[in-house]
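The values are calculated or read from the model by the stated rules, or taken from the named source; none is laboratory data. Because the structure is a prediction, the values reported are computed rather than measured. Counting neighbours? That spans all protein chains shown, and the Cβs are built from the backbone with ideal geometry, glycine included.
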Amino acid sequence: MALTKVGKKARALLICKPNSEIQLDQPDLSLEFALERSPDPEIYQASKFGVYGSVEYLAALSKSAGDSGTFIYPQVYSQGKLLAAGCFQELNLNREKLNDLGRIFAADSSWSLRLEGAVKGLLGSKSKSMKVLIAGNCQVSGPYGLFFEQNVSEADQLIIWQQLIQFIERDLYPFSIVLVKDLGSRSSQMDASWRRDSFSATQVLPVMQMELNAQWLVFEDYLAAMGSKYRIRAKAARKKGRELQLKRLNTDEIVQNLDSIMELYSNVYVRARFRLQRVNKDYFVQLSKMDSGKFVFNAWMDGDVMVGFSTMILDQDRADAHLIGLNYDTNKTHSLYLNMLYQYVEDAISARSKLLDLGRTAMEIKSTVGAVPVDLSVYLKLKNPLLNGLACMLVGSSAPEAWVQRHPFKNN
């Protein structure tokens, strides 16, 4: 029997439902919504919402998707006063593009593999497509889907999120998949609140972050804070890396090297377990045009050949590691990826950042340079009731990926 033709009783058993023991005390808000197809420069200002909520960054983000998706810029008002503005993305995925995303769920059980196969099977053929809403930023980890005015409480933020998603689905069309991305620290009350709308909390990898000591003025100060084992390892890796030339590229140099950049980026992208959106070459060019100092592009050269690159975005008092590209043969001989991590630390110290965000994946090696895991809430809903119920059960029982947290500093 087809999955979409199960009986009502089976559907009722499988659809995600909230935990009735959790009392949800949520304030009433009178909200109005507007959905725009381009950001208003008067609203999306770096001085108000930071780099990721600025028109210049959003221009780069809109270039990243090419023709595979469109963007929605929601605005939320109460009695005519702006409470929040954001950037969501609609993806049109056929069977081929969905396969390009890699794994959908964190669990590796036979159930998860079957569920992923069922989701992809709904498409049937490459010519059929499904609409996916990403309520958040596809390219960076963090709460960058909605930007709130300073006086909006956390309780009100949750209400705004949920009512906005409901409005978008009513105003546009039901999406086959809705992913609400990186809302902050997860709680049982937040889970229950989202489950009222049939969303389930999805097990995702943590974000690896590192607080930078204000007394670290140069990279050597950071090294001095390490235990001898990790300091020796860092120096050995940096020694290998010195055989390559490190060069910081400007816009013209990025344009001249786009073929190499995209090849190296693809090397990393195809190895990633989960991939929301492959960027195109215009993304790097547009990022490089942001105001001076907000975007850093480091290239590692072996003679005239680029063998790796790393990018970083500076946002007020934080530094965010961004997209990278690698030649994996060079990585083996020159500890290239580890050198990129150390270079992120050095550049963040030079920028006087207070926090370095190294993103998801490769948690253990990132912990060797001083990063610690931070969980962000991600919620998922599938339009098909049976598949959504299966997803709810799956993510509720999935275990996080096993890895060892390293402690490189003396005071650990």
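One residue is enough: does region 49-70 have a residue meeting the conditions under 19 Å from Arg278 (Cα atoms), modelled with pLDDT under 70 and surrounded by 16 or more Cβ atoms within 10 Å (Cβ to Cβ)? Checked against the condition, which is being under 19 Å from Arg278 (Cα atoms), modelled with pLDDT under 70 and surrounded by 16 or more Cβ atoms within 10 Å (Cβ to Cβ), region 49-70 yields at least one hit.
When restricted to residues that are more than 27 Å from Met130 (Cβ to Cβ) and surrounded by fewer than 16 Cβ atoms within 10 Å (Cβ to Cβ), region 157-185 contains 2.
For Gly142, the stated conditions do not hold, so it cannot be described as outside any strand (DSSP E or B) and at pLDDT below 85. So, Tyr173, is that one hydroxyl-bearing (Ser, Thr, Tyr), under 14 Å from the mean Cα position of the chain (by Cα) and not assigned by TED's automatic domain parsing to the domain that holds Gln343 or not? In short, no. Each residue in region 301-317 was checked for being among the aromatic types (Phe, Trp, Tyr) and more than 14 Å from Glu263 (Cα to Cα), and 0 pass. The set of residues in region 335-363 that are among the charged types (D, E, K, R) and modelled with pLDDT of 95 or more comprises Glu346, Asp347, Arg352, Lys354, Asp357.
Here Ala214 fulfils each of the conditions (1) exposed (fewer than 14 other Cβ atoms within 10 Å of the Cβ); (2) in contact with a Pro (Cβ under 7 Å, 6 or more places away or on another chain); (3) modelled with pLDDT of 90 or more apart from (2). What are the residues in region 331-371 that are under 19 Å from Leu223 (Cβ atoms), under 19 Å from the mean Cα position of the chain (by Cα) and not in a helix (DSSP H, G or I), if any? Listed by number, the residues that qualify are Leu356, Leu358, Ala371.
Across region 231-268, the qualifying residues are those that are more than 17 Å from Met312 (Cα to Cα) and part of a loop (DSSP other than H, G, I, E, B), and the one among them that is nearest to the chain's Cα centre (by Cα) is Asn257. Number of residues in region 39-80 that are part of a loop (DSSP other than H, G, I, E, B), in contact with a helix residue (DSSP H, G or I) (Cβ under 8 Å, 6 or more places away or on another chain) and within 16 Å of Gly145 (Cα to Cα): the value is 4. When Trp403 is tested against (1) surrounded by fewer than 19 Cβ atoms within 10 Å (Cβ to Cβ); (2) under 30 Å from Gln166 (Cβ atoms); (3) in contact with a helix residue (DSSP H, G or I) (Cβ under 6 Å, 6 or more places away or on another chain), only condition (2) is not met.
Of Phe219, Phe199, all but one fail to be farther than 30 Å from Val369 by Cβ and of a type outside the set (Gly, Ala, Ser); the exception is Phe199. Quick check, is Glu154 out of contact with any Phe, Trp or Tyr (no Cβ under 8 Å at 6 or more places or on another chain), closer than 26 Å to Lys48 by Cβ and surrounded by fewer than 16 Cβ atoms within 10 Å (Cβ to Cβ)? When the stated conditions are applied, Glu154 passes them.
You will find that of Leu205, Leu217, Leu223, the residue that is assigned to a loop (DSSP other than H, G, I, E, B) and out of contact with any strand residue (DSSP E or B) (no Cβ under 9 Å at 6 or more places or on another chain) is Leu217 and no other.
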